[in-house]
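Trainee: Before I ask anything, here is the structure I am working with.
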Amino acid sequence: MHIEASVEVSGESLGAIVDGFKKYPSIAAKYLVKFGLARPENQVMEVDRQRWYPLNDWIAAYDGIAREIGYNSLYGIGRSIPENATFPPHIQDIYSGIASIDVAYHLNHRKNGQLMFDPATGTMIEGIGHYHAKPVEGDNRIICVCDNPYPCDFDRGIIAAMATRFEKQARTVHDSESPCRKKGGESCTFVTWW
Ligand SMILES: [Zn+2]
């Protein structure tokens, strides 16, 4: 997807993903340096968590790392994101958990210097796609459509970890009938049930 140049990702969010690459420090370092996200003299883990980074540079670096380590590894990295995060008290079940992914995602990005979610008004700024979560009425099932620039397997890991946090038996799979970003589609669709 096209991302405007003014869109940035928080160092906090970037750092959490880079932590997931700790098994591949030299590969991660190579791409972080190549796209200007880390200085060559810095260790790979030393992403500045106080800073904001251009999202396009981060997606390019992420893509380079993913291609070398294999897209399958991104599932585990995605899983580690909610496992290591703290959640506000109103996130108490699988529905609010999966719905909160899109809010957290926007809170960790900004456009023209402005946070892309305003907790006071609930307003979201468009420009980075979404994690659209829809519960299926009358069934223990949530459909999540991801049309953001992050990789397919990474998103499945995030949703799966969020789901099992609240429903131990929950399973999350890619809907094989829907498009996939790995195959040039604009979105991926994941089904979670429990
Ligand atoms: Zn996909």
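The values are calculated or read from the model by the stated rules, or taken from the named source; none is laboratory data. Every value quoted in this text rests on a predicted model; they were computed, and no experiment measured them. Because the Cβ atoms are built from the backbone with ideal geometry, glycine has one as well, and the counts that use them run over all protein chains shown.
Trainee: Is it fair to say Glu83 is farther than 30 Å from Lys168 by Cβ and of a type outside the set (Ser, Thr, Tyr)?
Mentor: Numbers: farther than 30 Å from Lys168 by Cβ: no; of a type outside the set (Ser, Thr, Tyr): yes.
Here the answer is no, as Glu83 does not meet what is asked.
Trainee: Next question. Please indicate, with yes or no, whether at least one residue in the range 94-102 is modelled with pLDDT of 95 or more, over 24 Å from Leu55 (Cα atoms), within 12 Å of the ligand (Cβ to nearest atom) and among the hydrophobic types (A, V, I, L, M, F, W, C).
Mentor: no
Trainee: Oh, and also: Which residues, taken from the range 162-184, are in contact (Cβ under 8 Å) with a residue 40 or more places away in the chain and within 12 Å of the ligand (Cβ to nearest atom)? Can you show your working first?
Mentor: Quick first cut of the range 162-184, residues in contact (Cβ under 8 Å) with a residue 40 or more places away in the chain only: 162-163, 165-167, 170, 182.
Hit for the range 162-184 is Lys182, nothing else.
Trainee: So which of Ser100, Ser96, Ser80 is over 18 Å from Asp155 (Cβ atoms), among the small types (Gly, Ala, Ser) and out of contact with any strand residue (DSSP E or B) (no Cβ under 6 Å at 6 or more places or on another chain)? Don't jump to the end; show me each part of the working.
Mentor: On the way: Ser100 fails: over 18 Å from Asp155 (Cβ atoms); Ser80 fails: over 18 Å from Asp155 (Cβ atoms).
After ruling out the rest, the residue left standing is Ser96.
Trainee: To continue, here is another question. How many of the residues in the range 18-37 are assigned to a loop (DSSP other than H, G, I, E, B) and in contact with a Phe, Trp or Tyr (Cβ under 9 Å, 6 or more places away or on another chain)? Can you show your working first?
Mentor: First, pick out the residues of the range 18-37 that are assigned to a loop (DSSP other than H, G, I, E, B): 21-24, 35-37.
Still in the list and also in contact with a Phe, Trp or Tyr (Cβ under 9 Å, 6 or more places away or on another chain): 35-37.
Here the count works out to 3.
Trainee: Report, by residue number, each residue of the range 108-161 that is in contact (Cβ under 8 Å) with a residue 40 or more places away in the chain, assigned to a loop (DSSP other than H, G, I, E, B) and within 16 Å of the ligand (Cβ to nearest atom).
Mentor: Gly129, Asp147, Asn148, Pro149, Tyr150, Pro151 - these are the residues of the range 108-161 that are in contact (Cβ under 8 Å) with a residue 40 or more places away in the chain, assigned to a loop (DSSP other than H, G, I, E, B) and within 16 Å of the ligand (Cβ to nearest atom).
Trainee: If Glu8 satisfies all but one of (1) surrounded by 14 or more Cβ atoms within 10 Å (Cβ to Cβ); (2) part of a helix (DSSP H, G or I); (3) charged (D, E, K, R), what's the number of the condition it fails?
Mentor: Going through the list (1) surrounded by 14 or more Cβ atoms within 10 Å (Cβ to Cβ); (2) part of a helix (DSSP H, G or I); (3) charged (D, E, K, R), Glu8 breaks only (2).
Trainee: Kindly check whether there is at least one residue in the range 84-92 that is modelled with pLDDT of 95 or more and among the aliphatic types (A, V, I, L, M). Walk me through it before giving the result.
Mentor: Taking the range 84-92 as the starting set, the residues that turn out to be modelled with pLDDT of 95 or more are none.
There is no residue in the range 84-92 that is modelled with pLDDT of 95 or more and among the aliphatic types (A, V, I, L, M).
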